[in-house]
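One structure is given below, encoded as structure tokens.
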Ligand code: 5GP
Ligand code: ZN
């Protein structure tokens, strides 16, 4: 629990939420300012700022909860699909510093973009640069 965290306050019941799923480790509720009807947030019940900070065991629980929810959300909202994503860190647009996965219902022709639309431009990378980046990441994973 972090003292001034909105999502910890939701877990503690101090701030109300429209809960749609709960298990021992995770909670899911409707986003208060939804991008589409049925926009759901999935959080671990304990406070961790970014995905990188989650204990490994909890990462599975969060993915499980997302998995449990995508079909119910799509069916309830009669959506054609969902965008499932994390804003991971302030630079990526994360405003609430408590890990949360978004499930955003999508509809054919809804005018929204794919995840590929989130950066301003694409970098031009040579084969050598790509090889070096892949090697660097693989060496740390
Ligand atoms: P972020 O930009 O950090 O990925 O997204 C935070 C999300 O939390 C936003 O979509 C925002 O609408 C939602 N949110 C912020 N405060 C509250 C709240 O008190 N209750 C609920 N249900 N959602 C919230
Ligand atoms: Zn928190």
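Can you classify the range 1-96 as rounded, prolate or oblate using the Cα gyration tensor, where a ≥ b ≥ c are the square roots of its eigenvalues, rounded means a/c under 1.5, and otherwise it's prolate if a/b beats b/c and oblate if not?
rounded
What percent do you get for the relative contact order of the range 47-111 when only Cα pairs under 8 Å and 6+ apart count?
Rounded, it is 39 percent for the range 47-111.
Pairs of Cα atoms under 8 Å, at least six residues apart: use those to get the relative contact order of the range 6-140, whole percent.
Once divided by the residue count of the range 6-140, the mean separation gives 22 percent.
Give the distance, in whole Å, between the Cα centre of the range 94-141 and the Cα centre of the range 25-82.
18 Å
Between 36, 90, 28, where does the largest GNM mean-square fluctuation fall for the chain, given springs only between Cα atoms within less than 10 Å?
90
If you line up the long axis of helix 127-140 against the longest principal axis of the chain, both from Cα atoms, how many degrees apart are they, to the nearest 10?
Approximately 50 degrees, to the nearest 10.
Cut-off 10 angstrom, C-alpha nodes, Gaussian network model of the chain. Which of 46, 119, 26 fluctuates the most?
With Cα springs under 10 Å in the chain, the top fluctuation among 46, 119, 26 is at 119.
Listed highest first by mean packing, meaning other Cβ atoms within 10 Å per residue, what order do 66-72, 97-103 come in?
For the peptides 66-72, 97-103, the packing ranking is 97-103, 66-72.
Helix 56-77 versus the longest principal axis of the chain: what is the Cα-based angle in degrees, 0 to 90, to the nearest 10?
Approximately 70 degrees, to the nearest 10.
Every number here is computed from the coordinates shown, using simple stated rules; none is lab data. Since we're looking at a predicted model, the values are computed, not measured. As a convention, Cβ positions derive from the backbone with ideal geometry for all residues, glycine included, and neighbour counts pool all protein chains shown.
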